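Novice: Would you mind keeping the following structure in view while I ask a few things?
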Amino acid sequence: MAAIHKTEGIILSHYDMGEADKFINLFTKDFGKISLVAKSVRTAQSKLKGHINTGSEARLMFTGNSEYMRLTDIEERLNFFAGAPDLAARHAMSSALRLVDRMVQGSERDDGIWDLLRGFMDFARKGGVFSSAATAEKVFGVRLLAHLGYIDGALRSELKEVVDTGGWSDVFVSAVGVFQISKLFDDGIYASGL
């Protein structure tokens with residue numbers, strides 16, 4: 001009998017599969033990025049149906065091994081998008097989720113990414129102010145890429161206050177800083193090869 005795992009996670013994306021199933025990508029607190037199959041979740045009588053929303057933080061249970069993992073229970077705790085103050089905040093959150101989905105490979109616990117993603121989503125939901133949504137996306141991206149090791153140490157030191165700071169509310173980016181952050185982000189994406 002396969003073990004049942006319990007954790008909390010943020011839904012990065014989900015896709016319909018077959019007639020009634022969904023394929024879900026999540027970043028979890030205890031297992032890192034995982035992909036699960038939710039069987040029969042699109043049927044009218046499914047109790048899990050309303051809890052699978054991109055950008056939601058949820059408690060979940062799943063079973064299986066690294067080859068095939070199946071969602072057995074999920075409870076949405078917080079939908080970050082529902083509380084977002086405006087379209088720009090929602091766009092910044094969507095970009096952050098897509099970037100984590102794209103850049104993080106394999107399932108391995110990573111408290112740094114969990115704290116980065118959770119903190120950014122919460123900051124944006126509460127109406128955190130950046131000079132623009134594009135700046136918010138780039139700052140998040142630079143921090144993620146630096147954490148994953150895709151940003152050169154010399155380049156990273158140029159914007160140490162943006163890359164290495166823990167919080168979001170203390171980030172102020174000047175016009176010159178926006179250009180430098182965009183360059184760091186683009187260089188990091190190029191270095192990743194993804």
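Novice: Mind listing just one residue for me: the one in the range 32-50 that is over 23 Å from G112 (Cβ atoms) and hydroxyl-bearing (S, T, Y) and, of those, surrounded by the most Cβ atoms within 10 Å (Cβ to Cβ)? First the steps, then the outcome.
Specialist: Filtering the range 32-50 for residues over 23 Å from G112 (Cβ atoms) gives 37-50.
Now drop any that are not hydroxyl-bearing (S, T, Y), which leaves 40, 43, 46.
Numbers: S40: 14, T43: 12, S46: 16.
It comes out as S46.
Novice: A further question follows. In the range 16-31, how many residues are under 18 Å from R98 (Cα atoms), buried (at least 16 other Cβ atoms within 10 Å of the Cβ) and of a type outside the set (S, T, N, Q)? Walk me through it before giving the result.
Specialist: If we filter the range 16-31 for residues that are under 18 Å from R98 (Cα atoms), which is where we start, we get 16, 22-29.
Okay, now just the ones that are also buried (at least 16 other Cβ atoms within 10 Å of the Cβ), so 22, 24-29.
Now restrict to residues that are of a type outside the set (S, T, N, Q): 22, 24, 26-27, 29.
Adding up the residues that qualify gives 5.
Novice: Scan the range 149-193 for residues that are at pLDDT 65 or above, touching a helix residue (DSSP H, G or I) at 6+ places or on another chain (Cβ under 6 Å) and under 24 Å from D111 (Cα atoms) and jot them down.
Specialist: Residues satisfying the conditions are Y150, I151, I181, L184, F185, G188.
Novice: Can you tell me which residues in the range 21-42 are more than 16 Å from T72 (Cβ to Cβ) and either aliphatic (A, V, I, L, M) or in a loop (DSSP other than H, G, I, E, B) (or both)? Give the steps one after another, and end with the answer.
Specialist: So the first thing to find is which residues in the range 21-42 are more than 16 Å from T72 (Cβ to Cβ), and the list is 25, 27, 29, 32-33, 42.
Scanning the range 21-42 gives K29, R42.
Novice: Looking at this structure, is G128 within 22 Å of S56 (Cα to Cα) and at pLDDT below 75?
Specialist: It is true that G128 is within 22 Å of S56 (Cα to Cα) and at pLDDT below 75.
Novice: Here's a check for you: in the range 51-75, which residue that is assigned to a loop (DSSP other than H, G, I, E, B) and polar (S, T, N, Q) is surrounded by the most Cβ atoms within 10 Å (Cβ to Cβ)?
Specialist: From the range 51-75, those assigned to a loop (DSSP other than H, G, I, E, B) are 52-55, 65-68; that's our starting set.
Add one more test, that the residue is polar (S, T, N, Q), and what stays is 53-54, 65-66.
Values: N53: 14, T54: 19, N65: 8, S66: 9.
Result: T54.
The values are calculated or read from the model by the stated rules, or taken from the named source; none is laboratory data. This structure is a prediction, so every number in the text was calculated from the model and none was measured. Cβ: placed from backbone, ideal geometry, glycine included. Neighbour counts: every protein chain shown.
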